[in-house]
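These notes concern the structure reproduced below.
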Amino acid sequence: MKSGGVQVEARPAPAIFRDRCSALGLPTWRFSAASQIIYAPEGGGVVGSWLRSGFVERAVSDAVRAWHDASDLRPIEAFEGMWLLPSVEMFRRRRTAYVVAAAMTEKVLESEQFIVACGSAELDVESTRTAMRKWQLYTVDSIDRVRLALGWMAGDLDRITQQERELETFGRQLGESYEEINLLYELGRSMNHLVHPEKFIERACDQLHGSMAFRWIAARFADDQDGVRSMAGRLFHSGDLPTDVSGLDRCARRLVLEMTEQSERILTAADAGLENGHGVVLMQPVVHGGRIVGALIAGDKQGDDRQISNADIKLLETTAGFFDVLLDNAFLYEDQRRNFMGTLEALTSAIDAKDPYTCGHSERVALLAGALSRAHGAGEEEAERIRIGGLVHDIGKIGVSESVLCKSGRLTKEEYEEIKLHPRIGYEILKDIPSLEDVLPGVLWHHERWDGRGYPDQKHGKDLPLIARVIGLVDAFDAMSSNRTYRDAMGREKVLEEIRDNAGTQFDPDLVGTFMEMDLEIYDRLLARHVRRTAA
């Protein structure tokens with residue numbers, strides 16, 4: 001026999017290898033690296049019993065122990081006529097198992113060990129010999145060729161298995177990469193939540209939970225408003241929390257307070273302060289303006305592999321980077337909005353100041369416009385735009401002479417026509433400001449009527465945008481509720497009666513119904529403050 005066993009890097013496919021050996025008449029044993037039998041030859045009848053006899057198993061085990069420390073695995077003749085052909089399974093350059101195939105020649109049937117093995121299995125020698133003659137028996141030369149064929153087969157199976165494993169790993173990584181890219185793409189598309197950055201944070205937590213194998217995701221911001229303004233002290237979460245929300249908030253708050261650039265990012269649930277938590281917790285600081293202002297936290301990883309991967313770490317790092325950019329943009333937008341709104345408020349105050357009797361009118365109309373639109377079902381963003389429309393609705397009065405605005409008596413026809421110009425003047429003043437484009441209909445058409453008898457364009461019914469219908473109603477309400485140069489304020493019941501009587505003619509009847517249900521306490525407090533200011 002030629003020397004040299006079959007050494008296979010990584011793992012062959014044991015089940016396939018065993019089936020093919022069986023088809024070739026080669027019974028097989030599989031041993032652990034510690035020489036313990038994992039499986040013995042299958043099959044019933046006297047041949048199977050003979051192969052599994054204590055004597056044969058000891059002979060095979062002795063051969064495996066002889067190979068244990070050998071660098072060159074040579075075929076061994078366990079006893080006369082029974083050759084053992086070894087192959088070794090390896091993983092990361094370490095032997096993990098041995099597979100032993102037995103090829104037998106005619107001599108085995110006449111050997112003394114054959115008779116001993118029959119006795120060990122309590123088998124009749126002649127009937128066993130007759131049965132084994134029907135078994136595949138080899139010559140010494142053919143055994144050598146079988147040894148080569150087994151080596152090639154084991155190598156081929158190993159390569160196929162390795163390729164399948166690599167394909168499976170690649171497919172899993174490709175799937176994970178797709179999920180990660182899709183998540184980052186969706187987060188990037190959501191970066192326009194500048195008015196309400198909390199919506200972006202909520203969505204990010206939901207999408208992280210949907211893409212990563214963690215039971216729960218949370219984001220917690222520091223209590224110090226200097227770094228995060230309106231986000232200070234906020235907790236966002238998604239998934240099956242390890243404790244109640246208040247308990248998670250206390251734990252996350254402490255982690256944010258204690259976190260430094262050198263802090264451990266991976267903790268056990270217990271070390272993180274989650275007494276009822278499981279697994280590990282992965283943390284990523286949220287840095288803004290060069291300081292830690294919060295943390296992204298992922299807990300209790302699920303699945304077959306519960307170890308924190310580099311992909312997990314990178315995904316949280318990237319998301320935290322989005323948070324940094326979002327806060328920058330949101331704060332810049334907030335500052336610009338404050339400056340812009342401050343300018344508008346100063347301008348409208350200047351307009352109101354032209355007539356001391358209309359002091360605070362624009363502010364009150366803005367308050368009522370926002371409240372009525374929300375009560376009527378408008379979303380928060382639309383209601384805010386309608387509120388701004390109420391603030392600037394009379395800006396066109398800057399083009400009306402003070403003598404007309406402040407006249408105490410009845411207006412002449414010419415003076416009234418001048419007053420009627422202010423919606424168009426306001427529209428012309430504001431039309432080139434992109435951020436006010438959606439409030440222009442409220443400025444231009446707040447003196448239109450439901451029945452089409454208003455000005456400047458005689459629009460009517462639902463042809464009038466909601467912003468114009470809302471501002472038109474609350475503008476009239478405030479005008480009747482406050483003192484003017486030409487009359488005193490009307491009582492609340494009289495004002496509401498006028499509003500009801502003009503539903504369906506001057507005002508949208510549906511809006512009137514909503515307005516009648518509103519609580520006007522805040523409006524009344526604002527009006528009283530403006531009255532005191534005028535009196536002073």
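Which residues, counting only those in segment 276-300, are free of Cβ contacts under 8 Å to residues at least 24 places away in the same chain and outside any strand (DSSP E or B)? I'd like the intermediate steps shown before the answer.
Of the residues in segment 276-300, the ones free of Cβ contacts under 8 Å to residues at least 24 places away in the same chain are 281, 290.
Answer for segment 276-300, where residues must be free of Cβ contacts under 8 Å to residues at least 24 places away in the same chain and outside any strand (DSSP E or B): just GLY290.
Could you please give the count of residues in segment 401-429 that are under 55 Å from the mean Cα position of the chain (by Cα) and modelled with pLDDT under 90?
Number satisfying all stated conditions: 1.
Looking only at segment 99-157, which residues are farther than 16 Å from GLU80 by Cβ and charged (D, E, K, R)?
Selection gives GLU122, ASP124, GLU126, ARG133, LYS134, ASP141, ASP144, ARG145, ARG147, ASP156.
With segment 15-120 as the region, which strands (runs of 3 or more DSSP E) entirely inside it contain at least 1 residues that are within 60 Å of the chain's Cα centre (by Cα) and more than 21 Å from ALA149 (Cα to Cα)? Before the answer, list the steps.
Details: elements: 28-32, 37-39, 76-79, 82-91, 94-104.
Result: 28-32, 37-39, 82-91, 94-104.
A quick yes/no check of all residues on (1) surrounded by fewer than 17 Cβ atoms within 10 Å (Cβ to Cβ); (2) touching a helix residue (DSSP H, G or I) at 6+ places or on another chain (Cβ under 6 Å); (3) over 22 Å from GLU317 (Cα atoms); (4) among the basic types (Lys, Arg):
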{"position": "PHE214", "(1), (2), (3), (4)": "no, no, no, no"}
{"position": "ILE217", "(1), (2), (3), (4)": "no, yes, no, no"}
{"position": "ARG220", "(1), (2), (3), (4)": "no, yes, no, yes"}
{"position": "MET231", "(1), (2), (3), (4)": "no, no, no, no"}
{"position": "ARG234", "(1), (2), (3), (4)": "no, no, no, yes"}
{"position": "PRO242", "(1), (2), (3), (4)": "no, no, yes, no"}
{"position": "LEU248", "(1), (2), (3), (4)": "no, no, no, no"}
{"position": "CYS251", "(1), (2), (3), (4)": "no, no, no, no"}
{"position": "VAL256", "(1), (2), (3), (4)": "no, no, no, no"}
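Suppose we keep only residues that are assigned to a loop (DSSP other than H, G, I, E, B) and surrounded by fewer than 16 Cβ atoms within 10 Å (Cβ to Cβ) within segment 183-212. Which one would you say is modelled with the lowest pLDDT? Write out each step before concluding.
Initial filter on segment 183-212 (assigned to a loop (DSSP other than H, G, I, E, B)): 190-196, 212.
Pick out the ones that are also surrounded by fewer than 16 Cβ atoms within 10 Å (Cβ to Cβ) and you get 191-192, 195-196.
Values: MET191: 52, ASN192: 55, VAL195: 58, HIS196: 70.
Of everything passing the filter in segment 183-212, MET191 is modelled with the lowest pLDDT.
Can you tell me which condition LYS134 does not meet? The list is (1) touching a strand residue (DSSP E or B) at 6+ places or on another chain (Cβ under 9 Å); (2) free of Cβ contacts under 8 Å to residues at least 24 places away in the same chain, and all the others hold.
Of (1) touching a strand residue (DSSP E or B) at 6+ places or on another chain (Cβ under 9 Å); (2) free of Cβ contacts under 8 Å to residues at least 24 places away in the same chain, only one is false for LYS134: (1).
Under 6 Å between Cβ atoms, which residue pairs at least 6 apart in sequence (or on different chains) link something in segment 301-321 that is within 18 Å of ALA269 (Cβ to Cβ) and touching a residue at least 60 places away in the same chain (Cβ under 8 Å) with a partner that is of a type in the set (Phe, Trp, Tyr) and outside any helix (DSSP H, G or I)?
Correct list of pairs: LYS301/PHE214.
What is the residue count in segment 36-60 for residues that are surrounded by fewer than 17 Cβ atoms within 10 Å (Cβ to Cβ), farther than 28 Å from GLU164 by Cα and touching a strand residue (DSSP E or B) at 6+ places or on another chain (Cβ under 8 Å)?
Total satisfying the criteria: 0.
For VAL116, work out the one condition from (1) in contact (Cβ under 8 Å) with a residue 40 or more places away in the chain; (2) within 23 Å of ARG18 (Cβ to Cβ) it doesn't fulfil.
It is condition (2) that VAL116 fails.
Go through segment 79-108 residue by residue and tally those that are surrounded by fewer than 21 Cβ atoms within 10 Å (Cβ to Cβ) and out of contact with any Ser or Thr (no Cβ under 9 Å at 6 or more places or on another chain).
6
Select from segment 469-523 the residues that are acidic (Asp, Glu), surrounded by fewer than 16 Cβ atoms within 10 Å (Cβ to Cβ), under 27 Å from LEU444 (Cβ atoms) and in contact (Cβ under 8 Å) with a residue 12 or more places away in the chain and list them in ascending order.
Looking only at segment 469-523, we keep the residues that are acidic (Asp, Glu), and these are 475, 478, 488, 493, 497-498, 501, 508, 510, 517, 519, 521.
Next cut, surrounded by fewer than 16 Cβ atoms within 10 Å (Cβ to Cβ) only: 488, 493, 497-498, 501, 510, 517, 519, 521.
The next check asks that each one be under 27 Å from LEU444 (Cβ atoms); those that pass are 498, 501, 510.
Residues satisfying the conditions are GLU498, ASP510.
Of the conditions (1) in a helix (DSSP H, G or I); (2) closer than 24 Å to PRO434 by Cα; (3) of a type in the set (Gly, Ala, Ser), ALA371 clears all except one; give me its number.
Against the list (1) in a helix (DSSP H, G or I); (2) closer than 24 Å to PRO434 by Cα; (3) of a type in the set (Gly, Ala, Ser), ALA371 comes up short only on (2).
For the condition on the phi < 0 side of the Ramachandran plot and not assigned by TED's automatic domain parsing to the domain that holds ARG20, what is the one hit in GLU89, GLU168?
Values: GLU89 fails: not assigned by TED's automatic domain parsing to the domain that holds ARG20.
GLU168 is the lone residue from the list that is on the phi < 0 side of the Ramachandran plot and not assigned by TED's automatic domain parsing to the domain that holds ARG20.
From LEU444, LEU368, LEU391, grab the single residue that is touching a Ser or Thr at 6+ places or on another chain (Cβ under 6 Å), crowded, with 20+ Cβ neighbours inside 10 Å and among the aliphatic types (A, V, I, L, M).
Working: LEU444 fails: touching a Ser or Thr at 6+ places or on another chain (Cβ under 6 Å); LEU368 fails: touching a Ser or Thr at 6+ places or on another chain (Cβ under 6 Å).
The unique qualifying residue is LEU391.
Exactly one of (1) in contact with a helix residue (DSSP H, G or I) (Cβ under 9 Å, 6 or more places away or on another chain); (2) of a type outside the set (Asp, Glu); (3) assigned to a helix (DSSP H, G or I) is unmet by THR343. Its number?
(1)
Can you name every residue in segment 246-263 that is of a type outside the set (D, E, K, R), without any contact (Cβ under 8 Å) to a residue 40 or more places away in the chain and touching a Leu at 6+ places or on another chain (Cβ under 7 Å)? Steps first, please.
Step one: of segment 246-263, the residues of a type outside the set (D, E, K, R) are 246-248, 251-252, 255-257, 259-260, 262-263.
Filter again for without any contact (Cβ under 8 Å) to a residue 40 or more places away in the chain, leaving 246-248, 251, 256-257, 259-260, 262-263.
Once the filter is applied, which keeps residues that are of a type outside the set (D, E, K, R), without any contact (Cβ under 8 Å) to a residue 40 or more places away in the chain and touching a Leu at 6+ places or on another chain (Cβ under 7 Å), segment 246-263 yields LEU248, CYS251.
Given the options LEU274, LEU296, name the one that is within 13 Å of ALA219 (Cβ to Cβ), in the same structural domain as HIS196 (by TED's automatic domain parsing) and either aromatic (Phe, Trp, Tyr) or in contact with a helix residue (DSSP H, G or I) (Cβ under 9 Å, 6 or more places away or on another chain) (or both). Write out each step before concluding.
On the way: LEU274 fails: within 13 Å of ALA219 (Cβ to Cβ).
Unique residue meeting the criteria: LEU296.
The values are calculated or read from the model by the stated rules, or taken from the named source; none is laboratory data. Predicted model only: the values in this text are computed from it and were never measured. Positions of Cβ are generated from backbone atoms using ideal geometry, with glycine treated the same way; all protein chains shown enter the neighbour counts.
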